[in-house]
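Everything below concerns the one structure shown next.
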Amino acid sequence: MKKLQIAVIWSAGSQQYNQWGFDFDTLYQLSYEVGFAIAQEWRHCITWWKCGIMEWAAKWAKEWWWVTIGIAKWHKRNICNDYIDVEIITNMWNGWDGFLIPHSADGAIILWWWVGTLKEISWFYLESKPLVAVENTWWRAQKLAWTYLDPRELVRIGSAQTPKDAIAYIKQHLTTQQN
């Protein structure tokens, strides 16, 4: 049986625009919990190549000896953060990169979103793959919890108290789809 590949969705904008006043100590702890939960469940962590929570989640998954996969918009290798084992180089700067993670992952944990990450969430939705928002992160993730993205109601975005609960939600949803 193949290992699940779980995506972590978080907007890099939170690290790039400090004026939003994020508590990075809390983010660091949350990223540890996400990476640890993914590793503990014997899963692969798929994320973008950048810094911040994407790097931290990869770091913690790596510390538990699991494969980390980074998808980069660049045209050359060796630009991903130091904790990425497998680099997927796309050379896609025009927005087409938004479907890569949703096509590669089995489900996604949403911690925070912005316009760029909303396109990824939409692709998961269109592929009818499980999406789950972790509560107590920020209002942006919680705003999506228990909603549908459009009237077709393809996938109801779940809600979980912890990253471990989020993985359980994804596994349950995938099991339900297979039956």
Would you confirm whether or not the stretch 9-18 contains a residue that is surrounded by 20 or more Cβ atoms within 10 Å (Cβ to Cβ) and either modelled with pLDDT of 80 or more or touching a Cys at 6+ places or on another chain (Cβ under 9 Å) (or both)?
no
Out of E87, E63, sole residue that is charged (D, E, K, R), at pLDDT 75 or above and either within 14 Å of the chain's Cα centre (by Cα) or closer than 30 Å to T175 by Cβ (or both):
E63
Within 26 Å of H173 (Cβ to Cβ) and at pLDDT below 75, is that true of I53?
yes
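Every residue, every condition in (1) within 15 Å of the chain's Cα centre (by Cα); (2) crowded, with 17+ Cβ neighbours inside 10 Å; (3) under 20 Å from T175 (Cβ atoms), yes or no:
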site	(1), (2), (3)
W112	yes, yes, no
G116	yes, no, no
L126	no, no, no
L131	yes, yes, yes
E135	yes, no, no
Y148	no, no, no
V155	no, yes, yes
S159	yes, yes, yes
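Let's see how each residue does on (1) in contact with a Ser or Thr (Cβ under 8 Å, 6 or more places away or on another chain); (2) within 17 Å of I167 (Cα to Cα); (3) not charged (D, E, K, R):
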position: G107; (1), (2), (3): no, yes, yes
position: W113; (1), (2), (3): yes, no, yes
position: F124; (1), (2), (3): no, yes, yes
position: E127; (1), (2), (3): no, no, no
position: V132; (1), (2), (3): yes, yes, yes
position: A145; (1), (2), (3): yes, yes, yes
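Conditions (1) touching a strand residue (DSSP E or B) at 6+ places or on another chain (Cβ under 8 Å); (2) assigned to a loop (DSSP other than H, G, I, E, B); (3) at pLDDT 85 or above; (4) of a type in the set (S, T, N, Q), marked per residue:
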| residue | (1), (2), (3), (4) |
| --- | --- |
| S122 | no, no, yes, yes |
| T147 | no, yes, yes, yes |
| D150 | no, yes, yes, no |
| L174 | yes, no, yes, no |
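The values are calculated or read from the model by the stated rules, or taken from the named source; none is laboratory data. Remember, it's a predicted structure, so these values are computed and weren't measured experimentally. Reconstructed Cβ throughout: ideal geometry from the backbone, glycine too, with neighbour counts over all protein chains shown.
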